Amino acid sequence: MVAQNIKHALFCAVITLIISYPILGLDLIAEGIQIKLSGADTSTYIGIAAAVLIVFLFQLFRPAITGSLSAIGAANPLRDRKPLPQDKRVRLERAALILIVIGALLWPFFASRGSVDLATLVLIYIMLGLGLNVVVGLAGLLDLGYVAFYAVGAYTFALLSQYYDISFWVALPLGALLAAAFGFLLGFPVLRLRGDYLAIVTLGFGEIIRILLNNLTSLTGGPNGVGGIPDPTLFGMEFGRRIKTEGNTSFHEVFNIPYNSDHKVIFLYLIALLLAVVTLVVIRRLVRMPVGRSWEALREDEIAARSLGMSRTGVKLSAFTIGAFFAGFAGTVFASKQGFISPESFVFLESAIILAIVVLGGMGSQLGVILAAIAVTVLPELAREFSEYRMLIFGAAMVLMMIWRPQGLLPMSRVHIQLKQE
Amino acid sequence: MHDVLYFLQQLINGLTVGSAYALIAIGYTMVYGIIGMINFAHGEIYMIGAYISLIVITGLATLGSAWLPLVLLVALICAVIVSSSMGWAVERVAYRPVRGQHRLIPLISAIGMSIFLQNYVHLAQGSRNIGFPSLIQGGITMGAEDGFQTSISYMQITIFVVTLVCMTALSMFISKSRLGRACRAVSQDLKMSNLLGIDTNRIIAATFVIGAALAAVAGLLLGMYYGSIDPLFGFIAGLKAFTAAVLGGIGSIPGAMLGGLILGVAEAMTSGYLSGEYKDVVSFGLLILILLFRPTGLLGKPEVEKI
Amino acid sequence: MLDVRNLSMRFGGLLAVDGVSLDVKEKEIVSIIGPNGAGKTTVFNCLSGFYQPSGGTISFEGKEIQGIPDYKISRLGLVRTFQHVRLFNSMTVVENLLVAQHRHLNTNLFAGLIKTPAYRKKEEKSLERAAYWLKQVGLLDLANREAGNLAYGQQRRLEIARCMVTEPRLLMLDEPAAGLNPNETRELNQLIIRLKEDYCVSVVLIEHDMSLVMDISDRINVINQGRPLASGTPDEIRQNDDVIKAYLGEE
C-alpha cells in the first residue's frame, strides 16, 4: 500500500514537472524575426520545484490530509449552527438588500470620481449577472454567448444616436427590446438542443455577432468602433459644460451651481443603480411567479415538466428572452458610460466573466450574484499587481467551485410558503 | 481552366486544414463517446502542443542540431508527451471529481479549465503571437507559367500523410488492442463495464491521453502551416474541431474525419470565393444548422430518449 | 373516454408494441399488466405523447390525439406519473404542486409583476388547491420540505397529488406501488379508489402487484411481447389459460 502510494505520488510529481517546466521555465522571445529561447528567472524555478514537491507530498499523504481537512471543517463553529428560521432569514436577506441599496445611494457623494466610475461598472456587471442568472441559474441553460445580447444593447444605442440622434432614454427600452428580440430569434431554433450543445451554439452565436460587428465596417465602424455616444440627460438637462443638443438646458445653469464634471459621473452611477434595482426587483418577482417556477421545474426534470403541460420551448424561450432583455439594458448603460464602443468589449472573455459571477455567487441566488459581481470587479482593482492573474484565478476558481461547492458561495434559499391549515 | 485550377487550389487548402481539424476532433469525439461530456479544454491542449513544438524546435536550433527529420521527430515526441500529461492532469483535476453530477457542473468545470490553461500560457509566454518557422518548404506546382497555378506544398503533403498515419494507427488500436476493446466496451455501457471488472477510470484517462496526443500532433502541424501561434490559437481551432466532430456525428471516429474534411473545405471555399473574414461565420453557421436539422451528425446513431 | 385502436410502436427493427387496443370509460380503473419488457411503459409513452406511435389511433373524448406534442396532451386532461418517480427535487413540496398548476394561473407577465387583484386571487386559489391535495395525501406537514428529501412512499404520493392539482380527466399511473411496503400499498389502493369515486377520474394503471390490480381494477388488459394477450374483468383474467401460461410458463 505504501509502495503504491509512493509510486503514485512520484508519478503525479513527474506529470507536474512535465506540464509546468517547458511552459513556465523556457520562454520564447521574439527578436525581430529571430526567435530565441531563454530561461526564466530563479523564482520561477523555485516555484516549479515547490509545485512538484507539494503535489508529491499531497499525493503521498492524501488520506491523512483529506482527513485533517474534514477535521478543520468539523472545528468550524458555524457548522452545527441551525439554519435560521425561514421568516427570519427572509427578513435578514431583505434587510441586507435594502441596506446595500441605501448605502449605494448615499455613497457616491462622498467617494472619489474614480471609485464612482468603477461602481458604475460594478452595477453593469450586477445587471448582467442577474440577467444571466435567470438563464443559467434558474432555467439551467448554459448560455456562453450572453455577451452578444450585451453588444446588441450597446450598439443599438450607439448606432441610433449616431444616425438618428436618439437620446439615452429612448434608446434604453429599444436596446433592451432589440436584445430580447435577438434572444427570442436565436432561442427559437436552438433551445431544442441538449444542454452541452446549447452551450457551444450560443458560444458560436456570440462569436458570429462579434465578427459581424468587426466586418460590417460601413455600418458599425468595424474594429474602430462607434464614438460620440451622448450622455444621458435629466429632464432635458445636460451634464456637460456646454449644451450639445439644441433645446436642452444645462444642469449646472438650471441649479445655478458651478460646473463640476463629477456631476455627470454621479448621475450615470445613479441611473445604473436605478436600473440594477429594477432588474433585481423584477427578477425577484418573476422567480415567485408561475413563469419563474416553470423555469426551475424544467431545469429539475424536463420530462416531468412536459408531462404536466409545460411547453419546453416556450418556457426556455421566456428565460432566454428575459435574460437577453436585461443584457440589452446593461449594454445601453455601458455604451453611455464609455462614450465609445468597439467589438473589443464583447469578446468571449466577457461572457466567461459574467458566467464566473453567476457560478461563484451561487446559481439562482440574487444576493450571491450581487456580492460576486462586486468581488469580481473590485478585487482586481484593489490588487493591481495581481490583475493580470485575474482570468487565471477565475478559471481556477470555477473549477474548484464545481468540485467543492457547486451550489456557489451563497446558494439560493428556497422560499417557504405558509399554507392555511384547515 | 483558370477557374478549375482556382477551385482545385481551394480544395487542397481545405482538405489540408480539414484533416488537421479531424485530428483535434478525435479528442472531442472519444471523450464524448465515453463520458458524454464536451472537453472544453481540448483546444487549449492543442495550443500547448503547438507551443511545446516551437520551444523544442527553437531549443534544438540554438543547440545547432539541423537534420530536419530528427528535429521534427523530437519536437513531435516532446509535444505529445507534454500534451498527453496535460490531458491526464486535466481529467484528474477538473473532470473526475465532478463526473456523474448534473450536466452543467462538469461543463462549467471544463470551461474554467479552458480559461485557466489559456491564461497559464498567456502569463508564461506572453500574449503576442510568435512566428513559427516553416521548416518544410517547397512544393509541386501545376498550371501554366504565366497564368494561375495550383500548388501543393510539401507541408500540405506532410499534414495529409501524418493525419492518415495517425488515423490508421488509431483505428488499429481501437479495433485490435486490449485497451481499445475496453474503450469500446466502456463507451457502450460504462456501469456494466465497471461491473465486469474493467477499470473504467483508467480507460477514461486513456481516452483523454490519446485525444491530447493527437491534438499535440495537430498543434505541431498547424502551427507550422499557419506560421504563427498565440495563446488564443486553441480557442477557435477547438470550436472548429468540435464542429467537425458534431458534423460527422459525435462519438464516431470516422465521423470526425469526415466532418473535419467537410468543414475544412467549406471554410476554404468561403475564403476563396467570399472573404476570409467570414469563414468563422460559415463554420459556426454550419454547426448551428447541423445541430438543428441532424443533431446526430452524418454518421452518428440516433438516440432514443429514455423515460 | 379513451379509445386506443391497434396501437403499434417500432424502434428501428424492434416492434415494441404491436396492435394493442385499449378502452377506458368514465369512472373506470383499467389495468395493463404483463411480464417485464412487454411494452407497457411504451404504451404509456405513446398515450402521453412522448413517443409518436408508428401506427394506430388514440382518441380521447372523441378527439384523435396521436402525434400531438406531450405538453398539449396533458393540457387535455390526460396526466401521468412515472415508473421512477420524477419530482422537481430541489423545489419544495408545495412548489411542486404550484408549478403543476401553471396553466390555471394567470401567465400574463405584467399582471404578475404588479400583482393585480385578479392575479392575487388566482394565486390564492392555487395555494388552496395545493393545500387541499397535500392534506389528501397526508403531506401537509411537509409542505416546505425539499421534494428530493422525502421518503420514497411520500414521493410517490406527492407525484399523484401533483397530477391531481391539474384537475385531470384521466390519470395514468406507471407502477405506483413499486417499492412500497404492504401498508403503503393498502393506502395507495384506497387513494386510487377515492380518486375514482370522489373526483370522477378514470385511471389507467400499470402494475406488477397482482393483489392491488385484482382489487381495484374494473377491467384488465394483458400484454405479452408487445401484443395484446387478453382483456376482461379480474375474474376472467384470473381464469384465462393464455395469461396463466404467459406468467407461469408452459407445462
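Any residue that is in contact with a strand residue (DSSP E or B) (Cβ under 9 Å, 6 or more places away or on another chain), more than 13 Å from chain C (Cβ to nearest Cβ), modelled with pLDDT of 85 or more and within 27 Å of residue A:188 (Cβ to Cβ) - is there at least one of those in the stretch A:314-333? Break it down stepwise before answering.
So the first thing to find is which residues in the stretch A:314-333 are in contact with a strand residue (DSSP E or B) (Cβ under 9 Å, 6 or more places away or on another chain), and the list is A:331.
Next, only the ones that are more than 13 Å from chain C (Cβ to nearest Cβ) stay: A:331.
Narrowing the set further to residues that are modelled with pLDDT of 85 or more leaves A:331.
Add one more test, that the residue is within 27 Å of residue A:188 (Cβ to Cβ), and what stays is A:331.
For the stretch A:314-333, residues in contact with a strand residue (DSSP E or B) (Cβ under 9 Å, 6 or more places away or on another chain), more than 13 Å from chain C (Cβ to nearest Cβ), modelled with pLDDT of 85 or more and within 27 Å of residue A:188 (Cβ to Cβ): present.
Look through C:88, C:50 and report the one residue that is under 23 Å from residue A:304 (Cα atoms), crowded, with 21+ Cβ neighbours inside 10 Å and among the hydrophobic types (A, V, I, L, M, F, W, C). So that I can check it myself, show each step before the final result.
Numbers: C:50 fails: crowded, with 21+ Cβ neighbours inside 10 Å.
Selected residue: C:88, the only one of C:88, C:50 that is under 23 Å from residue A:304 (Cα atoms), crowded, with 21+ Cβ neighbours inside 10 Å and among the hydrophobic types (A, V, I, L, M, F, W, C).
Within the stretch C:68-88, does at least one residue satisfy the condition of being in contact with a helix residue (DSSP H, G or I) (Cβ under 6 Å, 6 or more places away or on another chain) and farther than 25 Å from residue C:2 by Cα?
Taking every residue of the stretch C:68-88 in turn, at least one turns out to be in contact with a helix residue (DSSP H, G or I) (Cβ under 6 Å, 6 or more places away or on another chain) and farther than 25 Å from residue C:2 by Cα.
Quickly run through the stretch C:48-79 and pick out the residues that are more than 11 Å from every other protein chain (Cβ to nearest Cβ) and aliphatic (A, V, I, L, M).
First pass over the stretch C:48-79, keeping only residues more than 11 Å from every other protein chain (Cβ to nearest Cβ): C:52-68.
Once the filter is applied, which keeps residues that are more than 11 Å from every other protein chain (Cβ to nearest Cβ) and aliphatic (A, V, I, L, M), the stretch C:48-79 yields C:58, C:65, C:68.
From the list C:37, C:19, exactly one residue is open to solvent by 10 Å² or more (accessible area, probe 1.4 Å), within 27 Å of residue C:247 (Cα to Cα) and in a strand (DSSP E or B). Which is it? Even if it seems obvious, please write down each step before you answer.
Details: C:37 fails: in a strand (DSSP E or B).
C:19 is the lone residue from the list that is open to solvent by 10 Å² or more (accessible area, probe 1.4 Å), within 27 Å of residue C:247 (Cα to Cα) and in a strand (DSSP E or B).
Can you tell me how many residues in the stretch A:364-422 are of a type in the set (Asp, Glu), more than 11 Å from every other protein chain (Cβ to nearest Cβ) and over 18 Å from residue A:104 (Cβ atoms)? Quick ask: steps written out before the conclusion?
First pass over the stretch A:364-422, keeping only residues of a type in the set (Asp, Glu): A:381, A:385, A:388, A:422.
In the following step, the residues that additionally are more than 11 Å from every other protein chain (Cβ to nearest Cβ) were identified as A:381, A:385.
When the remaining residues are screened for being over 18 Å from residue A:104 (Cβ atoms), the result is A:385.
Total meeting the criteria: 1.
Any idea how many residues of the stretch A:15-36 are under 22 Å from residue B:44 (Cβ atoms) and at the interface with chain B (Cβ under 8 Å from one of its Cβ atoms)?
Selection size over the stretch A:15-36: 12.
Would you mention how many residues in the stretch A:261-277 are open to solvent by less than 60 Å² (accessible area, probe 1.4 Å) and either aliphatic (A, V, I, L, M) or farther than 18 Å from residue A:334 by Cα (or both)? Talk me through it step by step, then tell me what you get.
Of all residues in the stretch A:261-277, those open to solvent by less than 60 Å² (accessible area, probe 1.4 Å) come to A:261-263, A:265-273, A:275-277.
Now restrict to residues that are either aliphatic (A, V, I, L, M) or farther than 18 Å from residue A:334 by Cα (or both): A:261, A:265-266, A:268, A:270-273, A:275-277.
Residues in the stretch A:261-277 being open to solvent by less than 60 Å² (accessible area, probe 1.4 Å) and either aliphatic (A, V, I, L, M) or farther than 18 Å from residue A:334 by Cα (or both): 11 in total.
Out of all the residues in the stretch A:403-418, which are touching a residue at least 60 places away in the same chain (Cβ under 8 Å) and touching a Ser or Thr at 6+ places or on another chain (Cβ under 6 Å)?
A:412, the sole residue that qualifies.
Go through (1) within 13 Å of chain A (Cβ to nearest Cβ); (2) over 17 Å from the mean Cα position of the chain (by Cα) one by one and return the number of the condition residue B:10 breaks.
Only one criterion is unmet by residue B:10, namely (1).
When you scan the stretch C:141-157, how many residues do you find that are without any contact (Cβ under 8 Å) to a residue 60 or more places away in the chain and open to solvent by 30 Å² or more (accessible area, probe 1.4 Å)?
Counting residues in the stretch C:141-157 that are without any contact (Cβ under 8 Å) to a residue 60 or more places away in the chain and open to solvent by 30 Å² or more (accessible area, probe 1.4 Å) gives 9.
For the stretch C:180-199, give me each residue that is open to solvent by 70 Å² or more (accessible area, probe 1.4 Å) and either assigned by TED's automatic domain parsing to the domain that holds residue C:134 or among the charged types (D, E, K, R) (or both).
Of everything in the stretch C:180-199, those that are open to solvent by 70 Å² or more (accessible area, probe 1.4 Å) and either assigned by TED's automatic domain parsing to the domain that holds residue C:134 or among the charged types (D, E, K, R) (or both) turn out to be C:186, C:187, C:194, C:197, C:198.
Looking at (1) within 14 Å of chain B (Cβ to nearest Cβ); (2) free of Cβ contacts under 8 Å to residues at least 12 places away in the same chain, which is the only condition residue A:210 fails?
(2)
Within the stretch A:69-86, is there a residue that is within 14 Å of chain B (Cβ to nearest Cβ), modelled with pLDDT under 75 and in contact with a Gly (Cβ under 9 Å, 6 or more places away or on another chain)?
So far as the stretch A:69-86 goes, no, none of its residues is within 14 Å of chain B (Cβ to nearest Cβ), modelled with pLDDT under 75 and in contact with a Gly (Cβ under 9 Å, 6 or more places away or on another chain).
Just a yes or no: is a residue in the stretch A:290-298 open to solvent by less than 10 Å² (accessible area, probe 1.4 Å), of a type in the set (Gly, Ala, Ser), in contact (Cβ under 8 Å) with a residue 60 or more places away in the chain and over 29 Å from residue C:88 (Cβ atoms)?
no
So for the stretch C:97-109 (the condition being on the phi < 0 side of the Ramachandran plot, modelled with pLDDT under 85 and more than 14 Å from every other protein chain (Cβ to nearest Cβ)), does at least one residue qualify?
Within the stretch C:97-109, none of the residues are on the phi < 0 side of the Ramachandran plot, modelled with pLDDT under 85 and more than 14 Å from every other protein chain (Cβ to nearest Cβ).
Would you check which residues across the stretch B:59-87 are among the β-branched types (Val, Ile, Thr) and in contact (Cβ under 8 Å) with a residue 40 or more places away in the chain and list them?
At the first step, the residues of the stretch B:59-87 found to be among the β-branched types (Val, Ile, Thr) are B:62, B:71, B:74, B:77, B:80-82.
B:71, B:80, B:82 - these are the residues of the stretch B:59-87 that are among the β-branched types (Val, Ile, Thr) and in contact (Cβ under 8 Å) with a residue 40 or more places away in the chain.
Within the stretch C:143-153, how many residues are part of a helix (DSSP H, G or I) and either modelled with pLDDT of 90 or more or within 11 Å of chain A (Cβ to nearest Cβ) (or both)? Outline the logic, then answer.
Step one: list which residues in the stretch C:143-153 are part of a helix (DSSP H, G or I), which gives C:147-149, C:152-153.
With the extra rule that they be either modelled with pLDDT of 90 or more or within 11 Å of chain A (Cβ to nearest Cβ) (or both), the set shrinks to C:147-148.
Number satisfying all stated conditions: 2.
Tell me, please, whether a residue that is away from chain B (no Cβ under 14 Å), out of contact with any helix residue (DSSP H, G or I) (no Cβ under 8 Å at 6 or more places or on another chain), at negative phi and open to solvent by 30 Å² or more (accessible area, probe 1.4 Å) can be found in the stretch A:334-351. Write out each step before concluding.
Pass one, the stretch A:334-351, residues away from chain B (no Cβ under 14 Å): A:334-342, A:345-346.
In the following step, the residues that additionally are out of contact with any helix residue (DSSP H, G or I) (no Cβ under 8 Å at 6 or more places or on another chain) were identified as A:339-340.
Checking the rest, the ones that are also at negative phi come to A:340.
Now restrict to residues that are open to solvent by 30 Å² or more (accessible area, probe 1.4 Å): A:340.
Taking every residue of the stretch A:334-351 in turn, at least one turns out to be away from chain B (no Cβ under 14 Å), out of contact with any helix residue (DSSP H, G or I) (no Cβ under 8 Å at 6 or more places or on another chain), at negative phi and open to solvent by 30 Å² or more (accessible area, probe 1.4 Å).
Of everything in the stretch C:121-140 that's buried (at least 18 other Cβ atoms within 10 Å of the Cβ) and not in a helix (DSSP H, G or I), which residue is farthest from the other protein chains (Cβ to nearest Cβ)?
Residue satisfying both the conditions and the ranking: C:137.
When you scan the stretch B:185-290 for helices (runs of 4 or more DSSP H) that lie fully inside it, which ones turn up with 3 or more residues that are more than 14 Å from chain A (Cβ to nearest Cβ)? Give the steps one after another, and end with the answer.
Working: elements: B:190-195, B:200-226, B:233-248, B:253-273.
Per the criteria, B:190-195, B:200-226, B:253-273.
The values are calculated or read from the model by the stated rules, or taken from the named source; none is laboratory data. The shown structure was predicted, so the numbers you read here are calculated from the model rather than taken from an experiment. All Cβ positions, glycine included, derive from the backbone under ideal geometry; neighbour counts span all protein chains shown. To get the accessible areas, we keep the full protein, side chains included, count just its heavy atoms, and leave off ligands, DNA and RNA. Shrake-Rupley method; radii C 1.70, N 1.55, O 1.52, S 1.80 Å.
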